[in-house]
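Every read-out reported here was derived from the displayed coordinates using simple, explicitly stated rules and does not represent laboratory data. Keep in mind the model is a prediction, meaning the values are calculated, not measured. Ideal geometry is used to build each Cβ from the backbone, glycine not excepted, and the neighbour counts take in all protein chains shown.
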Amino acid sequence: MGQHPLTNRAENERLHNYEKSVKAAFDVIVPTLKKVSGLQNEADFESRAQQIAVEELGYKLPESFLQDVWVQQLDMRRLFAWCMFQTYQNFCDDFYKNDPLANGNDENFNSMLQECGFHTLDISPCADGRLAHVIRYVLRLPYREVRRKSYAGAMFDIEDSIDKWVETELMRFREGKPNTADSATRYLKTVVYHYSSIDPDHEGCAAHGSDTNLAAQSGIDRLHGFKQAIENTHCCGASIDHLLIGLDTDTDTIRIHVPKADGSIELNKFIDARDIYDATMTMPEDVAKDWISDYVEGENPAMSFGMVRFITHILINNLSQMDYVRTYHGNAYQDAGHAERFIGAGIGFEEVQLRNLTYFSYLNTVEEATADLDVGIKIFSGLNVSHGMPIPIVVRYDYHGNVPGARERAIQHCHRVTDAINSRYSDLTSQGLLHTLLAVRDVNAASCIEVLANSVTAQTAQETH
Ligand SMILES: [Zn+2]
C-alpha cells in the first residue's frame, strides 16, 4: 500500500511497537486469568498458576490470593483488578525510566512555536479515551512541551485556563521562560472535539449526544469565552490566539477551523487533512510542503505568517498518523467505540499518550467533576461490569516536590477523592465491582509514580519518607 511522501515511516513503526506492547500487556490479563482459573482443582495449583503468570504477564500473582482455593473459589474480580494495577505500574515505570515516546526534538519545537508567534501551546481535548493520543500520535507533538487538560466534551474550564495564562505571563515576566514578557508572542489555546466518520450518530462525542456540529460549536463558544475573559480582565492589549481542531476517531484525520482575520472561528469552514493527503499524494516532498502551506494561506490570506506555518506543521504531521492507522489498523480502527482499560481520576497522567487506554477525569474534588466521572462509570459499566469485571480507577495526584507540604497534601487529596468515589458508587464498590489504586508523583523530580495503596490488597504503603 502506498504511503504519503511526507509520512515518517520510521517513527510510525516505533510508535506502533510501543502501542502494541503496552496494550498487549493489559489485554493478556483476562486470557491468563482464565487459564489460571481453570487450574483451581489441580494438585500443584499454586506453582502452576505462578508459572503461567510469570510467562504470560511477566510478574507473579500475590500468594495470599492463591491459597485456600480448595475451600473457596479464586476471587477473580480481585485478581483482575490487582493485575490491572500491577500492569499500570509497570507501564508507568517504563515511561518515566525509559522515555519510550521521546522524539529528541523538544527544543526545536519550542523555537518553532515561538517563531510562529506563540509561547505556550495549551490543548484541551475531550476526555474520551479515543483522544488520549492526540498530542504524541495524531499531531506528532512533543508531549512535554504541550499543556494538555482533557474535559468531557472538550468543555474546558475557563477559570482554570485563566489561572494558567496568568501563571505563564508571570513566569515570562519574572524568569524569562519560555521567553521574556516583551516578546510579541501569545498563548495559543486549542480545543479538540471529535466525531466519527463511520458511525456519526452513535460513535461521536457522548457529551454532545454524538452531534458533531454541537461539539464544534461548543468548542467555539468556549474559546471565544476564554479570549473575551482575558481581554476583559487584563489590559494593555492582553489577548490569546485560539484554534479549533476536529478529530475523526475512526481514522485519526483532523480538520482545522482556520481563524478569520478578527480571530473568530467558523463552524463550517475548515481544512480537512484527508483532502490535503489526496491532493499531495503524488508530489515530491518539497513540492507537497509548499503546496500545503499555500493552501492554508489561501484559506485566509489575512492570517499571520506564524499561524499559517503552525497549521501547516500539524497538517503535515497528521499525514503520518493517517498512514499509521491505514498501515496498522486497516482503513479505520477496529475498536471504533470505547475500549479503555482503566479510568484515570485526579491530576497528572502524563504517561498516558495512547488511544483508548484511559478515560480521563481531571478533578480536584469529586463534586466538581461528577459529570465527567459519571460518564466514565457509564462507559465502564458497559465495558467491564456487564461482564462481571470490576472497574479499575487510578486516583492520582502529581505535586511539585519543591513546595513544602505538597506531597502530604497530594496524599490527602488521593484519600479524600477515593473516599468520595467509594461513597458515590457504593453499590459497585460493595460488590467488588470498583477498585482503586492510589498514587502520587513528584513532577519536579521527574520520578516514577509512588503507589500509596490499593483497594485490592488494602494494604497501605508507608506514606512518609
Ligand atoms: Zn467526547
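In whole Hz and in residue order, list the ³J(HN,Hα) couplings for region 170-175 that follow from phi through the Karplus curve 6.51 cos²θ - 1.76 cosθ + 1.60, θ = phi - 60°; x for Gly and Pro.
5, 5, 5, 5, 7, 10
When the dipole is taken about the Cα centre of region 91-249, and only Lys, Arg (+1) and Asp, Glu (-1) are charged at their Cβ, what size is it in debye, to the nearest 20?
300 debye
So what is the relative contact order for region 161-241, in percent, with contacts set as C-alpha pairs under 8 Å and at least six apart?
The value is 27 percent.
Please turn the phi angles of region 432-445 into ³J(HN,Hα) values with the Karplus equation 6.51 cos²θ - 1.76 cosθ + 1.60 (θ = phi - 60°), one per residue in order, whole Hz, x for glycine and proline.
For region 432-445, the Karplus-derived couplings read x, 9, 9, 10, 10, 10, 10, 8, 10, 8, 8, 6, 6, 7 Hz, x marking Gly and Pro.
Please give me, ordered by residue number, the trypsin sites (Lys or Arg not before Pro) of region 45-104 that lie in loop per DSSP and have at most 14 other Cβ atoms within 10 Å.
Here the trypsin sites (Lys or Arg not before Pro) that fit, given the DSSP loop and packing criteria, are LYS60.
Quick one: what are the phi-derived ³J(HN,Hα) couplings along region 371-378, Karplus 6.51/-1.76/1.60 with θ = phi - 60°, whole Hz, x for glycine and proline?
Each residue of region 371-378 in turn: 4, 4, 5, 4, 4, x, 5, 5 Hz.
Using Stokes-Einstein with the Kirkwood hydrodynamic radius over Cα pairs, what translational diffusion coefficient do you get for the chain at 4 °C and a viscosity of 1.567 mPa s, in µm²/s rounded to a whole number? Provide the component values of the computation, followed by the final result.
On the way: Rh = 23.6 Å.
Here the translational diffusion coefficient equals 55 µm²/s.
Take the Cα coordinates of region 121-206, assign each an equal point scatterer, and use the Debye formula without solvent to give log10 I(q)/I(0) at q = 0.16 Å⁻¹.
The Cα Debye sum returns log10 ratios of -0.70.
Just tell me which lysines come within less than 24 Å, Cα to Cα, of LYS97; anything on the same chain fewer than 8 places away is out.
LYS20, LYS23, LYS60, LYS149
Quote the charge dipole size of the chain about the Cα centre in Debye, to the nearest 20; the model charges only the Cβ of Lys and Arg (+1) and of Asp and Glu (-1).
420 debye
Using only the Cα atoms, work out Rg/Rh for region 1-118, with Rh taken as the Kirkwood radius, to two decimals. Before the final figure, lay out the partial values.
Details: Rg = 21.3 Å, Rh = 17.6 Å.
Using only Cα positions, Rg/Rh for region 1-118 is 1.21.
Mean residue ellipticity at 222 nm from the helices of the chain, using -39,500 (n - 2.57) per DSSP H segment of n ≥ 4 over the full residue count, to the nearest 500 deg cm²/dmol?
Values: 14 runs with 204 residues, N = 465.
So the helix-based figure for the chain works out to -14500 deg cm²/dmol.
Answer with one residue from ILE377, ALA336, LEU438: the one whose Cα lies farthest towards the positive end of the charge dipole of region 318-441, charges on Cβ with Lys, Arg +1 and Asp, Glu -1.
Final value for the positive-end residue is LEU438.
Give the calculated FRET efficiency between HIS202 and VAL54 to the nearest 0.05, with a Förster radius of 45 Å applied to their Cβ-Cβ distance.
E(calc), rounded to 0.05, equals 0.65.
Evaluate E = 1/(1 + (r/R0)^6) for ASP286 and ALA238, where r is the Cβ-Cβ distance and R0 equals 56 Å; express this FRET efficiency to the nearest 0.05.
0.90
Please compute the modelled spin-label separation between LYS177 and ALA445, points set 7 Å along Cα→Cβ, answer in nm with one decimal.
Simple spin-label model gives 1.9 nm for this pair.
Sequence-distant or interchain residues sharing an amide H contact under 5 Å with HIS435, placed H: which?
Answer set, sorted by chain and number: ILE391, ILE393.
Grab the other residues whose beta carbon is less than 12 angstrom from that of ASN384, score K and R as +1, D and E as -1, and report the net. Walk me through the numbers on the way to the answer.
On the way: positive: ARG77, ARG341, LYS378; negative: GLU340.
Local charge sum for ASN384: +2.
Please name whichever of TYR195, THR233, GLN217 sits farthest to the positive end of the charge dipole of region 103-250, dipole taken about the Cα centre and charges placed at Cβ: Lys and Arg +1, Asp and Glu -1.
The residue sitting most towards the positive pole is THR233.
Order of 25-37, 192-204 by packing, highest average Cβ count within 10 Å first? Write down the numbers at each step before the final one.
Working: 25-37: 16.6, 192-204: 19.0.
My ranking of the peptides, most packed first, is 192-204, 25-37.
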